[in-house]
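Report on one structure; see the data block that follows.
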Amino acid sequence: MPAAVHTTLVDGATLAARLGDPAWVVVDCRHDLADPAAGEAAYARGHIPGAVFLHLDRDLSAAKNGRNGRHPLPHISTLAAALGRAGIGPGVQVVAYDDCGGMMAGRLWWLLRWLGHEAVALLDGGLSAWTAAGGALSTVMPEPAARTFTPAPRDWVLDADQVLAGLGRPDRVIVDARAPDRFRGENESIDPVGGHIPGARNRFFRDNLGPDGRFKPADQLRQEWTATLAGAAPEQVVHQCGSGVSACHNLLAMEIAGLPGARLYAGSWSEWCADPARPVER
């Protein structure tokens, strides 16, 4: 029988049983928005054995130009080359992890799915769950066998003009993944303008997690997300956050809940608020 394909989550025991399997690639996605070098330094001090490292700014985002947000989507060809160098290609099961509840690893999950690679999942509970269960760490830097990653991007992305054109439409629901205070326009410490896109609903990405840092059960997520959507179909939903990173966590949660089909406004609030002509709600 063919091996099972994991498309949302894997637990530590499942991953431990496949360490060293050339058909599995583990990716460390740790990152600190306030200290962009911290994740790679933490990786060097200890990571899941065999894991490669992909940097949010360098590998999973394009360069900023002051108008396109803090973490614009990477150019497809550049990302495909980075994924191939990491050993990701056809038939490879990818497992991504971080140390912040999946906030960063969710970005890689979504990018791979966007480019047509289905076999990607998050390590549920991340690095803390791995070590709590007795999982070993390594300082050995792996040398992955390069593969050819051939992207097949899907129409899952909206730009600022498309979001603006959809404001007020009954068939468009915007969900903002930021913390409630930032959504309200309070305590904004990252972007130069506080507030949110008019009409957006707030679903803090951390509300997808239980007290143990793992994702809530699928049935519970479905109930909570059904309440958030209030009758809207998943295909009518556009997710955003501060820079298009934690919004992917909400996209994953909806996938776990059996509510696929939502799209991403990749530029998110950091791009939106860079143009003073765009409306802001507080």
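The values are calculated or read from the model by the stated rules, or taken from the named source; none is laboratory data. Since we're looking at a predicted model, the values are computed, not measured. Glycine gets a Cβ as well: all are built from the backbone with ideal geometry, and neighbour counts include every protein chain shown.
For every residue, the table says whether it meets (1) of a type in the set (S, T, N, Q); (2) farther than 15 Å from Leu123 by Cβ; (3) touching a Gly at 6+ places or on another chain (Cβ under 7 Å); (4) modelled with pLDDT under 95.
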position: Asp11; (1), (2), (3), (4): no, no, no, no
position: Asp32; (1), (2), (3), (4): no, yes, yes, no
position: Pro36; (1), (2), (3), (4): no, yes, no, no
position: Arg67; (1), (2), (3), (4): no, yes, no, yes
position: His71; (1), (2), (3), (4): no, yes, yes, no
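The C-beta contact set for the stretch 214-234 (first residue closer than 27 Å to Val10 by Cβ, second residue surrounded by fewer than 17 Cβ atoms within 10 Å (Cβ to Cβ) and of a type outside the set (D, E, K, R), distance under 8 angstrom, 6+ apart or interchain) comprises Lys216/Gly210; Ala218/Gly258; Arg222/Gly258; Pro234/Pro260; Pro234/Gly261. Among residues of the stretch 187-206 being without any contact (Cβ under 8 Å) to a residue 24 or more places away in the chain and touching a helix residue (DSSP H, G or I) at 6+ places or on another chain (Cβ under 7 Å), the one that is surrounded by the fewest Cβ atoms within 10 Å (Cβ to Cβ) is Asn187. Note on the stretch 12-38: residues that are under 18 Å from the mean Cα position of the chain (by Cα) and either within 18 Å of Ala136 (Cα to Cα) or not assigned by TED's automatic domain parsing to the domain that holds Leu83 (or both) amount to 6. Close Cβ contacts (under 6 Å, 6 or more residues apart or on different chains) running from residues in the stretch 1-27 that are basic (Lys, Arg) to residues that are surrounded by 11 or more Cβ atoms within 10 Å (Cβ to Cβ) and assigned to a strand (DSSP E or B) comprise Arg18/Trp24. Is it the case that some residue within the stretch 124-134 is over 26 Å from Gly50 (Cβ atoms), surrounded by 15 or more Cβ atoms within 10 Å (Cβ to Cβ) and of a type in the set (A, V, I, L, M)? No: zero hits.
Pairing each residue of the stretch 155-183 that is without any contact (Cβ under 8 Å) to a residue 40 or more places away in the chain with any residue that is part of a strand (DSSP E or B) and of a type in the set (D, E, K, R), provided the two are 6+ apart or on different chains, yields C-beta distances under 7 Å for Phe183/Asp176. Sub-6 Å Cβ pairs linking a first residue in the stretch 80-97 that is modelled with pLDDT of 95 or more to a second residue that is part of a strand (DSSP E or B) and aromatic (Phe, Trp, Tyr), at least 6 apart or interchain, are Gln93/Trp24, ordered by first then second residue. Looking only at residues of the stretch 1-37 that are small (Gly, Ala, Ser) and surrounded by 15 or more Cβ atoms within 10 Å (Cβ to Cβ), we find that the one that is nearest to Gly258 (Cα to Cα) is Gly12.
Just one of the numbered conditions (1) exposed (fewer than 13 other Cβ atoms within 10 Å of the Cβ); (2) without any contact (Cβ under 8 Å) to a residue 12 or more places away in the chain is not true of Arg67: (2).
Each row is one residue, and each column tells you yes or no for (1) under 18 Å from Leu252 (Cα atoms); (2) touching a helix residue (DSSP H, G or I) at 6+ places or on another chain (Cβ under 8 Å); (3) among the acidic types (Asp, Glu); (4) not assigned by TED's automatic domain parsing to the domain that holds Ala177.
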site: Ala62; (1), (2), (3), (4): no, yes, no, yes
site: Arg67; (1), (2), (3), (4): no, yes, no, yes
site: Arg70; (1), (2), (3), (4): no, yes, no, yes
site: Ser77; (1), (2), (3), (4): no, no, no, yes
site: Ala81; (1), (2), (3), (4): no, no, no, yes
site: Gly91; (1), (2), (3), (4): no, no, no, yes
site: Gly101; (1), (2), (3), (4): yes, yes, no, yes
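Within the stretch 207-235, how many residues turn out to be surrounded by fewer than 16 Cβ atoms within 10 Å (Cβ to Cβ) and β-branched (Val, Ile, Thr)? Of the residues in the stretch 207-235, 1 are surrounded by fewer than 16 Cβ atoms within 10 Å (Cβ to Cβ) and β-branched (Val, Ile, Thr).
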